[in-house]
Amino acid sequence: MLKDVTLGQFFPGQTPIHKLDPRTKLVLVIVYIVALFLAKWFVSYAVIAAFLALVIAMSRIRLKVVLKNLKPLLFIIILTALLNLFYGQGEPIAQFWIFKITRSGIQNAIFMVLRISLLVAGTFMLTYTTSPIALTDGLESLLSPLKKLHAPVHELSMMMSIALRFIPTLIEETDKIMSAQKARGADFESGNLISRAKALVPILVPLFISAFRRADELATAMECRCYHGGEGRTKLSELHYQSRDYLAYLSGAALLAVMIVLRQFGL
Amino acid sequence: MTTAIQVNDLHYTYEGQDGGKTHIVFDGLNLSIEQGSFVAVLGHNGCGKSTLAKHFNAILLPAGGSVTVYGMDTKDEEKLLAIRQHVGMVFQNPDNQIVSNVVEEDVAFAPENLGVASPEIRRRVDDALKAVGMYDYRTYAPQLLSGGQKQRVAIAGVLAMRPQCVVLDEPTAMLDPQGRREVLDTVERLNRETGMTVILITHHMDEAARADRVIAMSEGRIVADGTPQAVFAQEPLLRSVGLDVPQTEQLLLELKRRGVDIPTDALTPEACAQLLRQRIAQS
Amino acid sequence: MTPILEIQKLSHIYSPDTPFEHAALTNVDLTISRGEFVGLIGHTGSGKSTLVQHMNGLLKPTSGRVLFDGRDIWEDPKFTRQIRFRVGLVFQYPEYQLFEETVYADIAFGPKNMGLSKEEIDTRVRRAAGFVGISEAELSKSPFDLSGGQKRRAAIAGVIAMEPDVLILDEPTAGLDPAGRESILKNIRDYQAAQHAAVVMVSHSMEEIASNVDRLIVMEKGTAVMTGAPSEVFSHAAELVSMGLNVPCMTQVLLRLQQLGVNVPAAAYTVEQAADLLEPLLKGGAQTCSRT
């Protein structure tokens, strides 16, 4: 059932990681990704992994949860690993048919697995510990210098937060419409691709109409509550950096520095 | 008594989708609503009551005549925000008026738009949530709430503007009996305790019976206006415009038809039972 | 009376083996007979919606059985699909499922899925439109150009056109004005009488239930706690109130009169019945007893 899809994987908590300013976390994720792509050899990957392990431990998110969420990516990870495995340069260690496995191929495959897993697990930590609302606020605030260039920063973040708000509503609605059409004998499970696509019309038409109606009503309701764009808007909770945020920035800078040094030494 | 909303000779038409035919909604409507009153507006589907409500806070503007809200003409563009801040509006579907996926963030939406300072927003959000009895749910996601709770959050979202008047457009139409009770009790309390003007649009007769004044509409015209007792006494008129009267009223009217000498102005089961007991004791 | 739907020891658990596991129905036993009008009442979350979705095979029981005409509806996939047509289910706010270009095509959707001939579909669409008062002119309109009440009727016609033996409606009058409510209820009664169909109606309005149904089923916390004629069920007013349900307005008045010491039975739930009970008391010969 569609209802079982979990969205916006946010695990509320009171840990130092949860309490970090969303802007700090967004910047740190970018720093983390850059650092990850600087990694050349096992030592560097070990440093990154240790950094991530520290963050996971501090956030009290269970390792099991992190690993479980990597599962859907298993296929991609294995595929890229295999591709790297067979496309290595140099002397083959083993060979069969058109495939040859080289030492560099094995290395690349391992690094690829590490890189993807660390990348995904690292970015997941952002959504695990930050509410979608805080994330949009953080993004809006980080991008606010672009407002000077007339970029619609406020509008974009408003759209994002409204989308987040209505995803569960629309999923529930889809479920309801599907049941209602099934009750009139609609069949979504049999037939070829074309007849299946056709069978979606009785779901999609009502869903779109309902989404437009909702959008229209929401727009009126927002106007009634004095919405007039981003100009002169204040916030219930304004973002303020705390000392822990400076500490976090410092550790991010340190990570980057270490990675650059390690890269110089080919580690 | 000060006047909250004054409607003078209101004209309004709209172009239909069916070939641009012009539909006349209002053809010279007059109405005055006093500050602090609890007014119920009754009418069948499509009688123009929602269109009227949207004139009260300048979502729609009159094509002719005027609507004056707390002394401000709704056509005055400079007063737009002030008008909307004075007259809050709550709609039928609670899902389509909640903006944020955290209750307190949603309630903060209006004061944020008005540029209220953060500590003051916090105070208003807390006050508004307490006023509707939803303070304990301030960190919830709206989809975890019942219909009645969502509608109370929507009311809090309006209260956070500190309005003088709240207009509710069929706020209970999509709710179960418990949700309806929660919302009506909240609205009634706001009116009685804080003196807020409440305009309740509904087609539930028992809800209208709780107001101080009932206005029945049909085809863009006011067909009855007065105390609930006075309006509901006109059963044939109300029925002719697709409305009804509360069952207690129906009972008393039926008894009267059968030759029982009894007043016909008890609108709640309690009042009706009291009246009947008194009469039974007398006979 | 011949039973048409039998529900035996029906239980349903949502999201089993997850942290969201939740038993919506536990051991429900009930029977719906041919031609009867049954009201289904219960607090939100009492399992009414889950129950009705089992009646036409949209949901599969976690345990227990649903029999149609004595045959388990899950016995054979072909039969399960047939059940969708024999037991018509009208969801809440059914107008939100309209999708075709014309009202005619939308009403024809169900019969078309049944694989009927063109002529038979045409007959059924017109018959269904007749039951709900949709005019010839409206049949060729877009459903989205109809008024709110007419949209609701068109959507109900879409289910009636399958000519089900059991018609289930989840709050068919929600959000309509008094005249609209009464006319939809009349449409349903007309269909029931013409087809000798069983009707199951979910409603929150006790007055509506009281003046339409032959029998009532009360759901609470996933079980059917009471069943019987309205007079029987509404005589348990205190229990209904403790379940968060109301009793009809007239019953409330009579119960309050009893509390006030008037010797009157609370066995009325419509205005007529209450007037019958009260008339003699008011025209003299009243017996007032004092309460201690």
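Bear in mind these aren't lab numbers, they're just calculated from the coordinates by the rules spelled out. Being a predicted model, the structure only gives us computed values, none of them experimental. Don't worry about glycine lacking a Cβ; one is built from the backbone with ideal geometry, like all the others, and counts go over all protein chains shown.
Points to keep in mind about this one:
- Annotation: peptides B:168-174, B:33-39, B:191-197, A:150-156, ranked by per-residue average of other Cβ atoms within 10 Å with the highest first, follow the order B:168-174, B:33-39, B:191-197, A:150-156.
- DSSP-defined antiparallel bridges as percent of all bridges, the protein assembly as shown, nearest 5: 55 percent
- Pairs of lysine residues in segment C:3-247 that meet both criteria, 8 or more places apart or on different chains and Cα atoms under 26 Å apart, total 20.
- From phi via Karplus (6.51, -1.76, 1.60), per-residue ³J(HN,Hα) for segment A:25-32 in Hz, x at Gly/Pro: 5, 4, 5, 4, 4, 5, 4, 4
- Residues whose amide H comes within less than 5 Å of that of C:E220, counting only those at least five positions distant or on another chain, are C:V225 (H built at 1.01 Å from N in the peptide plane).
- Three-way shape label, segment A:153-224, alpha-carbon gyration tensor, a/c 1.5: prolate
- Taking the inverse of the mean 1/r over every pair of distinct Cα atoms in segment A:163-267 gives a Kirkwood hydrodynamic radius of 19.6 Å.
- Karplus-derived HN-Hα couplings along segment B:167-178 (A = 6.51, B = -1.76, C = 1.60, θ = phi - 60°), whole Hz, x at Gly and Pro: 10, 10, 9, 6, x, 10, 4, 9, 9, 7, x, 5
- Applying 0.36 nm per residue to the separation of A:F208 and A:F86 and subtracting their alpha-carbon distance, the gain on full extension is 39.2 nm.
- Top of B:R221, B:R124, B:R239 by mean-square fluctuation, Gaussian network on chain B, Cα under 10 Å: B:R239
- Restriction of the trypsin sites (Lys or Arg not before Pro) in segment A:14-87 to DSSP coil positions whose beta-carbon has at most 16 other beta-carbons within 10 angstrom yields A:K40, A:R60, A:R62.
- Along chain C, the exposed loop sites are trypsin sites (Lys or Arg not before Pro) outside DSSP states H, G, I, E and B with at most 15 other Cβ atoms within 10 Å, and the longest stretch free of them is C:35-220.
- For chain C, dividing the convex hull volume of the Cα atoms by the residue count gives 158 Å³ per residue.
- Shielding value for B:37-49 is 2, the average number of Cβ atoms from other chains within 10 Å of each residue's Cβ.
- The residue list A:F166, A:F212, A:L200 was ranked by how far each Cα lies along the charge dipole of segment A:153-224 toward its positive end, using unit charges on Cβ atoms, and A:L200 comes out on top.
- Reachable lysines from C:K283, criterion Cα separation under 30 angstrom, eight or more residues apart if same chain: B:K256
- Near B:A224, the amide H atoms lying under 5 Å from its own belong to B:A216; only residues 5 or more places off or on other chains count, and H is placed 1.01 Å from N.
- Qualifying lysines (Cα of each under 21 Å from Cα of B:K75; at least 8 residues distant if same chain): B:K49, B:K54
- For the peptides C:50-58, B:100-108, the ranking by packing is B:100-108, C:50-58, with the highest mean count of neighbouring Cβ atoms within 10 Å listed first.
- Using the rule -39500 (n - 2.57) for each DSSP H run of four or more residues, divided by the residues of chain B, the 222 nm mean residue ellipticity is -11000 deg cm²/dmol.
- Cα gyration tensor category, rounded, prolate or oblate, for segment C:21-82 with a/c compared to 1.5: oblate
- Note, ³J(HN,Hα) from phi for segment B:261-269, Karplus 6.51, -1.76, 1.60, rounded to Hz, x at Gly and Pro: 8, 8, x, 10, 10, 9, 9, 10, x
- Neighbouring partner chain Cβ atoms per residue of B:247-254, average, 10 Å criterion: 6
- Simple spin-label estimate for C:Q8 and A:S190 gives 2.7 nm between the two label positions (7 Å along the Cα-to-Cβ direction from each Cα).
- Reciprocal mean inverse distance between Cα atoms of chain B - Kirkwood radius, Å: 20.1 Å
- Chain C: angle of helix C:77-86 to the longest principal axis, Cα-based, in degrees nearest 10: 60 degrees
- When chain A is treated as a Gaussian network with alpha carbon springs shorter than 10 Å, the biggest mean-square fluctuation among A:L193, A:L256, A:L38 belongs to A:L193.
- Square roots of five times the Cα gyration tensor eigenvalues for the protein assembly as shown, Å: 55, 37, 26
- For segment C:1-136, the equivalent ellipsoid derived from the alpha-carbon gyration tensor has semi-axes of 30, 18, 16 Å in decreasing order.
- Highest mobility in the GNM of chain C, judged by mean-square fluctuation with C-alpha springs under 10 Å and restricted to C:A198, C:A266, C:A224, is found for C:A266.
- Label-reachable residues, segment C:101-138, where backbone N falls under 18 Å from a point 7 Å from A:K198's Cα toward its Cβ: C:101-102, C:105-119, C:121
- Partner shielding of B:113-124 amounts to 4, given as the average count of beta-carbon atoms from other chains within 10 Å of each residue beta-carbon.
- Bridgeable lysines around A:K100 (alpha carbons under 16 Å apart, same-chain partners fewer than 8 residues away excluded) are absent.
- In chain C, a dipole from Cβ-located charges (positive for Lys and Arg, negative for Asp and Glu) runs towards its positive end, and of C:P178, C:A194, C:P3 it is C:P3 whose Cα lies farthest in that direction.
- Chain A: C-alpha gyration tensor shape, a/c 1.5 cut-off, then a/b vs b/c: oblate
- Theoretical FRET efficiency, 1/(1+(r/R0)^6), r = Cβ-Cβ of C:A229 and C:K186, R0 30 Å, to 0.05: 0.90
- Around the amide H of B:G64, modelled in the peptide plane, lie the amide H atoms of B:H11, all under 5 Å away and 5 or more residues distant in sequence or on another chain.
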